[in-house]
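Enquirer: Handing you a structure now.
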Amino acid sequence: MPRSFFSRDPRRVARELVGKLLIRQQGRKVLAGRIVEVEAYLGASDPAAHAASGITERNRVLFGPPGHAYVYFIYGNHFCLNVSCQPEDKAGCVLIRALEPLAGLAEMARARGLPATDGKVACEKLTSGPSRLSRAMGVTRARDNGKDMTTPRSGLWLADDGFRPRRIGRTPRIGIQKAAAEKLRYLIAGNEFVSG
DNA sequence: ATATCGATTATCT
DNA sequence: GATAATCGATATG
């Protein structure tokens, strides 16, 4: 996806990111999944956003150019992956919450510590949830924070394979305290890999 | 099927 | 010193 795609209102980016691909490549190994659930965070004006209280060491990627990975650590265990969007001063982003795994399922299961059986693994548990998908894709803050997600050269990027979701649903965001009523969670309606 | 709870630590106040 | 954009385990109907 080109930089211009991310240089827009996070709500717009979020809605259009649903159905796109998240791809990780390291050496010969390729992991890929279709994005089936995201949330928009609106930046300085959004009380629920990490950018709300201004720039810090943790969130500084949000105040940089659009299309870059913002990875944060939470609850003592978990990493979550966002992509920065909008012009820098707005500091918006989109949280990637769930994938439909497409390539590298065995590798993902291994990364998740799930029984890497042949054929059908516990698929729905693999990449449904922001920390689960980060774990499955090997995303960490140390490795990936700040990466440019508009180019394969970063090894972690977003792509359009032409797929268009039949219907996109919208609900309130999950797990937040402030601005909890805003419907800023976007998902493929009826998709079995959506979390929650 | 839904509800509740503990884990565990970087980050911010 | 308190908190957190979660997960997995356990308990209960």
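The values are calculated or read from the model by the stated rules, or taken from the named source; none is laboratory data. Every value quoted in this text rests on a predicted model; they were computed, and no experiment measured them. Heads up, the Cβs are rebuilt from the backbone with ideal geometry, glycines too, and the neighbour counts pull from every protein chain shown.
Enquirer: Within segment A:19-28, identify whether any single residue is at pLDDT 95 or above, assigned to a loop (DSSP other than H, G, I, E, B) and either away from DNA strand B (no atom under 14 Å from the Cβ) or of a type in the set (A, V, I, L, M) (or both), and answer yes or no.
Expert: Looking for residues that are at pLDDT 95 or above, assigned to a loop (DSSP other than H, G, I, E, B) and either away from DNA strand B (no atom under 14 Å from the Cβ) or of a type in the set (A, V, I, L, M) (or both), one finds at least one in segment A:19-28, hence yes.
Enquirer: For A:L62, all conditions in the list (1) of a type outside the set (K, R); (2) buried (at least 20 other Cβ atoms within 10 Å of the Cβ); (3) on the phi > 0 side of the Ramachandran plot hold save one; what is the number of the exception?
Expert: (3)
Enquirer: Could I ask something else about it? For A:E37, state whether it is free of Cβ contacts under 8 Å to residues at least 60 places away in the same chain, within 24 Å of A:P152 (Cα to Cα) and not basic (K, R).
Expert: When the stated conditions are applied, A:E37 does not pass them.
Enquirer: Report yes if some residue within segment A:49-58 is of a type in the set (G, A, S), at pLDDT below 95, over 14 Å from the mean Cα position of the chain (by Cα) and away from DNA strand B (no atom under 16 Å from the Cβ); otherwise report no.
Expert: no
Enquirer: Given the condition within 28 Å of A:G43 (Cβ to Cβ) and within 16 Å of DNA strand B (Cβ to nearest atom), answer yes or no: does some residue in segment A:153-173 qualify?
Expert: Yes, that holds for at least one residue.
Enquirer: Oh, and also: Looking at A:E107, A:E39, A:E16, can you tell me which residue is away from DNA strand C (no atom under 14 Å from the Cβ), touching a helix residue (DSSP H, G or I) at 6+ places or on another chain (Cβ under 8 Å) and among the charged types (D, E, K, R)?
Expert: A:E16
Enquirer: Within segment A:124-161, take every residue that is among the hydrophobic types (A, V, I, L, M, F, W, C) and away from DNA strand C (no atom under 15 Å from the Cβ) and give me the one that is surrounded by the fewest Cβ atoms within 10 Å (Cβ to Cβ).
Expert: A:A142
Enquirer: If you take the residues in segment A:1-59 that are of a type in the set (G, A, S) and out of contact with any strand residue (DSSP E or B) (no Cβ under 8 Å at 6 or more places or on another chain), which one is surrounded by the fewest Cβ atoms within 10 Å (Cβ to Cβ)?
Expert: A:G27
Enquirer: Quick check on segment A:166-196: of everything there that is crowded, with 17+ Cβ neighbours inside 10 Å and more than 17 Å from the chain's Cα centre (by Cα), which residue is nearest to A:V13 (Cα to Cα)?
Expert: Only one residue fits best here, namely A:E182.
Enquirer: Take the residues in segment A:63-87 that are among the aliphatic types (A, V, I, L, M) and either more than 7 Å from DNA strand C (Cβ to nearest atom) or assigned to a loop (DSSP other than H, G, I, E, B) (or both), then tell me which one is nearest to the chain's Cα centre (by Cα).
Expert: A:L81
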